[in-house]
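Any read-out appearing in this document is the output of simple, stated calculations on the displayed coordinates, not a laboratory observation. It should be emphasised that the depicted structure is a prediction, and the values quoted were computed from it without experimental measurement. Because the Cβ atoms are built from the backbone with ideal geometry, glycine has one as well, and the counts that use them run over all protein chains shown.
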Amino acid sequence: MAGLPLAGVLAGCGRGQPDPLVALTIQARSDATRIDTIVQVLRTGSTPSTDPALADALAAVADARRTHAEALAVELADEAPPPLQGTVPNAEPTGPTAKQSTATARPTAPSIEPTAPISAADTALTSVLAVLDKAHQRAAAVVPSLPRSHAALVGSIAACCAAYRAVLH
Amino acid sequence: MKPSPPPGPSPENRELATASDTAAAVQAALGTEHAAVWCYGLLVAFLPPALDRLARQDATAHRARRDFISRTLADAGVPPIAAEPGYRTPNTVVDQASAIHLAISAEADAAAAWRSVLERCDDPALRRVALEGLTDAAVRGAQWAARSETAPVVPTFPGRT
């Protein structure tokens, strides 16, 4: 997957503000990685989940978040100006906001203590529900202020996260 | 004491009154809400009691949104479109499975219409209304899909056609 263009961070909405799509992209990638890890724990942990259907359902959420990240990255790439002569676009965003986001985007092992199959599944589900809730809230929060061309995409992403949360809950 | 002047039109009303593409998109979304109310009225007869309650809740939600949008359009001076006497369904409803399929289709249509409003408006308040319509339709559609063999249960980009 291509990295985020630096111009997405610097250009933003044309007012020197970070483009909200950058943070949403990083978050979507981070969510996918985190949920992948949770699914892996469910499937291959020392005490595998007694509910393989849950692992499959959570894997679908990870796939969706990965696809969200790809779609957002495409939007950012489309609006990025060509790089200056003699420069190479950064593969990762920079700047205070991007650094902060990148730091939070580092995948970390989920705090799942697979003490018993049922509690592992419950903890996994609770973690993914929290991830989806946050993703929905963050996407929904920026929809009112985005350009038309991005509002529909981000609105759909918010709706997807809300729908997954509803059916998993 | 002089009466306070009547409030001016809200920003979303101004956009509806002046932007033809915005008004057309909202009218289209209103049309899908009319259709959804009609569809739920049809399909509820084919559902068992356990699902009947869910269908009635969803129909109530669509009626509320239909009425709100109708009022918003009227307040902006745009005559809201009326419901059709009947609607052509994508499938014949004969049992629980086909009834659920119709509910999923009605919600998908509503989601697509509200997503289209997001592409055709700038006012933040109207954006929130459209996002709520899109999200609610996506949630309801997913809840119906989860009760059937329909896949995917949740589209990755609800409303995108």
Just how many % of Cα pairs in segment B:18-145 lie over 26 Å apart, if you round to the nearest whole percent?
20 percent
Separation in nanometres of the label points that stand 7 Å from Cα toward Cβ, at A:R148 and B:D52:
4.6 nm
How would A:E79, B:E107, B:E15, B:E149 line up from fewest to most surrounding beta-carbon atoms within 10 angstrom?
B:E149, A:E79, B:E15, B:E107
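Helix hunt in chain B: which complete DSSP H runs extend at least 20 Å axially by C-alpha with mean Kyte-Doolittle at least -0.5?
Working: long enough: B:20-43 (34 Å, 0.67); B:49-75 (39 Å, -0.81); B:96-119 (35 Å, 0.50); B:124-145 (31 Å, 0.12).
Flagged H segments are B:20-43, B:96-119, B:124-145.
What order do you get for B:T60, B:T89, B:T72 when you list them from fewest to most C-beta neighbours inside 10 Å?
Numbers: B:T60 12, B:T89 17, B:T72 20.
With the fewest neighbours first, B:T60, B:T89, B:T72 line up as B:T60, B:T89, B:T72.
Multiplying the sequence separation of B:E149 and B:R71 by 0.36 nm and subtracting their Cα-Cα distance, what value in nm do you get?
Values: separation 78, 0.36 × 78 = 28.08 nm, distance 3.78 nm.
Taking B:E149 through B:R71 to full extension adds about 24.3 nm, to one decimal.
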Quick check: the distance between the Cα centres of segment B:105-161 and segment A:127-169, to the nearest angstrom?
11 Å
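Using the Cα centre as the reference, give the magnitude of the dipole from point charges on the C-beta atoms of segment B:18-145 (Lys, Arg: +1; Asp, Glu: -1; all else neutral), rounded to the nearest 20 debye.
On the way: 12 positive and 15 negative charges, 35 e Å.
Roughly 180 debye, rounded to the nearest 20.
Taking other Cβ within 10 Å of each residue's Cβ, how do A:V41, A:V128 sort, fewest first?
Values: A:V41 21, A:V128 25.
Ordered from fewest to most neighbouring Cβ atoms within 10 Å, A:V41, A:V128 come out as A:V41, A:V128.
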